[in-house]
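The values are calculated or read from the model by the stated rules, or taken from the named source; none is laboratory data. Just so we're clear, the structure is a prediction, and the values are computed from it rather than from any experiment. Virtual Cβ from ideal backbone geometry, glycine too; neighbours counted across all protein chains shown.
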């Protein structure tokens, strides 16, 4: 029995579809434009639009922003809308002095859904040098209040303060990455920079059929990394039918799980997997809590979870599960189960209050 691939699924195409009909604001102060222009071409081909901002008109022209709008124009919103109806990207020439404040003003006036700031330093790094892939507004505010305690260096503190001000002003999301990493930041799960959001916007909900491509791809990733057991096509279908996901910005599938029936009184929290980019964001507990809420609604008295990983066993212990013998699970769990894996598996149980 083999693992079914996520047939025909492409991360890149998935994200391109998400940008269709939407407008992002891209800030590129200086430097090479070829790679960035290629990303904007891909956005345009997928139906996305871009407002490109820079203090250097040469950069704007190099990025293909032939139509320029005046950020000081009281009719900026209407002018930008009309210009974008004729071209996939337009330019905004901003002053070198007070660039960040000017960017913030344009972003809030146009109400863009995302602002992308290109900076050679890439994403935010905390003490120890770790790149933070996802930071919400309250976290960033704490970082800039006490930078020596939180940030790897303070040489980009002005940028982080401005990103914080943008979020407070109402910009929903800001990505900061190096120009060379723009494609990976926008069109892959892993990304290379930092995504800043105004709120800790993680929503857990049931998977819909439109989520199945991305969810199947995550299952395949989890199997290849050794975190998830291989599954047949039929088993994957069952997981998806009972599946739920944690979504950031209601579009980034950051993690998933499934609640599978183990008889009339119990279910199994199965296929629990979180993307590396979002580890540390509390997504795992959100997924477990959602599974237990569903189990309660169904009327289960308990949920079980199984893993061959000591790290995952520790996670279940932290989230209200107690270790149990394999024999305590309903017999349906072991129908067709790999005997070699069964000898290694660790089992856990969490009661569901009535």
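Considering (1) over 30 Å from residue 152 (Cα atoms); (2) in contact with a strand residue (DSSP E or B) (Cβ under 7 Å, 6 or more places away or on another chain), say which one residue 74 fails and leave the rest.
The failed condition is (2).
Give, as residue ranges, the helices (runs of 4 or more DSSP H) completely inside segment 137-221 that count at least 3 residues that are at pLDDT 90 or above, crowded, with 18+ Cβ neighbours inside 10 Å and in the same structural domain as residue 26 (by TED's automatic domain parsing).
The qualifying helices (runs of 4 or more DSSP H) are 137-145, 157-169, 182-187.
Here are 38, 21, 31: which of them is exposed (fewer than 14 other Cβ atoms within 10 Å of the Cβ) and either touching a residue at least 40 places away in the same chain (Cβ under 8 Å) or over 25 Å from residue 252 (Cβ atoms) (or both)?
38
Can you pull out the residues in segment 218-230 that are closer than 19 Å to residue 291 by Cβ and in contact with a strand residue (DSSP E or B) (Cβ under 8 Å, 6 or more places away or on another chain)?
Within segment 218-230, 218, 219, 222, 227, 228 qualify.
Consider only pairs whose beta carbons are under 8 Å apart and that are at least six residues apart or on different chains; among these, list those whose first residue lies in segment 119-130 and is free of Cβ contacts under 8 Å to residues at least 40 places away in the same chain and on the phi > 0 side of the Ramachandran plot and whose second residue is assigned to a loop (DSSP other than H, G, I, E, B) and surrounded by 11 or more Cβ atoms within 10 Å (Cβ to Cβ).
Note: pairs meeting the criteria are 128/152; 129/152.
Matching residues to (1) out of contact with any strand residue (DSSP E or B) (no Cβ under 8 Å at 6 or more places or on another chain); (2) outside any loop (DSSP other than H, G, I, E, B):
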position	(1), (2)
79	no, yes
83	no, yes
104	yes, yes
107	no, yes
121	yes, no
128	yes, no
135	no, yes
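May I ask you to list the residues in segment 66-106 that are touching a helix residue (DSSP H, G or I) at 6+ places or on another chain (Cβ under 9 Å), free of Cβ contacts under 8 Å to residues at least 24 places away in the same chain and either buried (at least 16 other Cβ atoms within 10 Å of the Cβ) or not assigned by TED's automatic domain parsing to the domain that holds residue 29 (or both)?
Answer for segment 66-106, where residues must be touching a helix residue (DSSP H, G or I) at 6+ places or on another chain (Cβ under 9 Å), free of Cβ contacts under 8 Å to residues at least 24 places away in the same chain and either buried (at least 16 other Cβ atoms within 10 Å of the Cβ) or not assigned by TED's automatic domain parsing to the domain that holds residue 29 (or both): just 69.
Go through (1) buried (at least 16 other Cβ atoms within 10 Å of the Cβ); (2) over 29 Å from the mean Cα position of the chain (by Cα) and name the single condition residue 48 misses.
(2)
Residue 288 - would you say it is crowded, with 22+ Cβ neighbours inside 10 Å, touching a residue at least 12 places away in the same chain (Cβ under 8 Å) and over 30 Å from residue 131 (Cβ atoms)?
no
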